[in-house]
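K.L.:
Pasting in a structure now, in structure tokens, and then I'll have a few things to ask.
The values are calculated or read from the model by the stated rules, or taken from the named source; none is laboratory data. Given the structure is predicted, the values throughout are model-derived calculations rather than measurements. For neighbour counting, all protein chains shown are included, and Cβ atoms are generated from backbone atoms with ideal geometry for every residue, glycine included.
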Amino acid sequence: MNVSEDTLVALRSAGVPAISQSLYGFGIMNAFVAGLRPASPNVQPFAGPAFTLRAIVAREDLRDDIAAGRVPNPHRAAVRDVARGEVIVTGIGGLAGVSLFGDLIATHLRNVGCAGIVTDGGVADLAALGAVDLPVFSAGSAPVPASARVLIVGRREPVECRGVPVYPGDIVVGDINGIVIVPSHLAVAVAQKALGKERLEEFLLERLQAGALLDGTYPPDEATLAAYHAAQAEGRAR
């Protein structure tokens, strides 16, 4: 299902915490990809459809054939297949000690319009990777090339990334808080719900900063909700 740019903008604006909590209302309880960290502390919010890569433990004869050039390199083929705006998501069994990506490949992916990388493995050259203008989330530094341990055996098929199912075309949303996966058919509804939650919480924060008591403000009671709706009507709340 295609998701409009307006919806992607809304998801980026809403943020991962609000989206994760909003997904609960649609029965999606396992969408936050825990345990991954951004390569850069200055990572910017991003959102895009998932381009999934699946890998399994390498078999020695196939690994050697690829290294010798006797058969095509599936990693290079996958990199060439990424479309503009897509976010790479890997399922390699959580092997944090090996890397599919470093700063050179990340730079190429940025140049062709990839929107981000989310890997359940590690990454090489972490400091240099953090300087590339491309959001990258991983399990941490791993200077061992993945080709020594795993082989890509599938792309654009369902994968498991740190216990979260990811289907091709699911919307991957990331920010400094982490990564959340939104089923594409729920993207519009989740974006609307998450933005509404963010706006309400901004209003509640303003009241708390002004000295309001926590009880009745968070969670909001009927009087606080009435004040919020009145502020919306008057244009004092977004």
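K.L.:
In segment 66-88, which residues are of a type in the set (A, V, I, L, M, F, W, C), buried (at least 17 other Cβ atoms within 10 Å of the Cβ) and closer than 15 Å to ALA146 by Cα?
P.N.:
ILE66, ALA78, VAL79
K.L.:
Give the residue, chosen from VAL144, VAL164, that is crowded, with 16+ Cβ neighbours inside 10 Å and either touching a Leu at 6+ places or on another chain (Cβ under 9 Å) or in contact (Cβ under 8 Å) with a residue 12 or more places away in the chain (or both).
P.N.:
VAL164
K.L.:
When you scan segment 101-108, do you find a residue that is in a strand (DSSP E or B), at pLDDT 95 or above and farther than 20 Å from PHE46 by Cβ, even just one?
P.N.:
No, segment 101-108 contains no residue that is in a strand (DSSP E or B), at pLDDT 95 or above and farther than 20 Å from PHE46 by Cβ.
K.L.:
Restricting attention to segment 56-82, and to residues there that are of a type in the set (A, V, I, L, M) and in contact with a strand residue (DSSP E or B) (Cβ under 7 Å, 6 or more places away or on another chain), which single residue is nearest to ILE179 (Cα to Cα)?
P.N.:
VAL82
K.L.:
Please go through segment 1-29 and give me each residue that is in contact with a strand residue (DSSP E or B) (Cβ under 6 Å, 6 or more places away or on another chain) and farther than 13 Å from ALA47 by Cα, ordered by number.
P.N.:
Matches in segment 1-29: SER20 only.
K.L.:
Under 7 Å between Cβ atoms, at least 6 apart or on separate chains: pull out the pairs that start in segment 211-238 with a residue that is farther than 23 Å from ALA14 by Cβ and in the same structural domain as LEU200 (by TED's automatic domain parsing) and end on any residue that is surrounded by fewer than 12 Cβ atoms within 10 Å (Cβ to Cβ) and at pLDDT 95 or above.
P.N.:
Partner pairs satisfying both residue conditions: GLY216/ALA223.
K.L.:
Report yes if ILE171 is in the same structural domain as ALA124 (by TED's automatic domain parsing), on the phi < 0 side of the Ramachandran plot, touching a His at 6+ places or on another chain (Cβ under 6 Å) and buried (at least 18 other Cβ atoms within 10 Å of the Cβ), otherwise no.
P.N.:
So ILE171 does not fit the description; no.
K.L.:
OK, next. I'd like the full set of residues that are assigned to a loop (DSSP other than H, G, I, E, B) and either in contact with a helix residue (DSSP H, G or I) (Cβ under 7 Å, 6 or more places away or on another chain) or under 27 Å from MET1 (Cβ atoms) (or both), limited to segment 73-100.
P.N.:
Correct list: ASN73, VAL82, ALA83, ARG84, GLY85, GLU86, ILE92, VAL98, LEU100.
K.L.:
Select, from ASP133, ASP120, the only residue that is in a loop (DSSP other than H, G, I, E, B), modelled with pLDDT of 95 or more and more than 13 Å from the chain's Cα centre (by Cα).
P.N.:
ASP133
K.L.:
Continuing with this model, one more query. So which of GLU5, GLU60 is within 22 Å of GLY196 (Cβ to Cβ) and free of Cβ contacts under 8 Å to residues at least 24 places away in the same chain?
P.N.:
Just one listed residue meets the conditions, GLU5.
K.L.:
Step by step: first the residues of segment 207-238, then only those that are under 29 Å from the mean Cα position of the chain (by Cα) and loosely packed, with under 14 Cβ neighbours inside 10 Å, then the one that is farthest from ARG162 (Cα to Cα). Which residue is that?
P.N.:
Looking at the filtered set, the residue picked out is ARG238.
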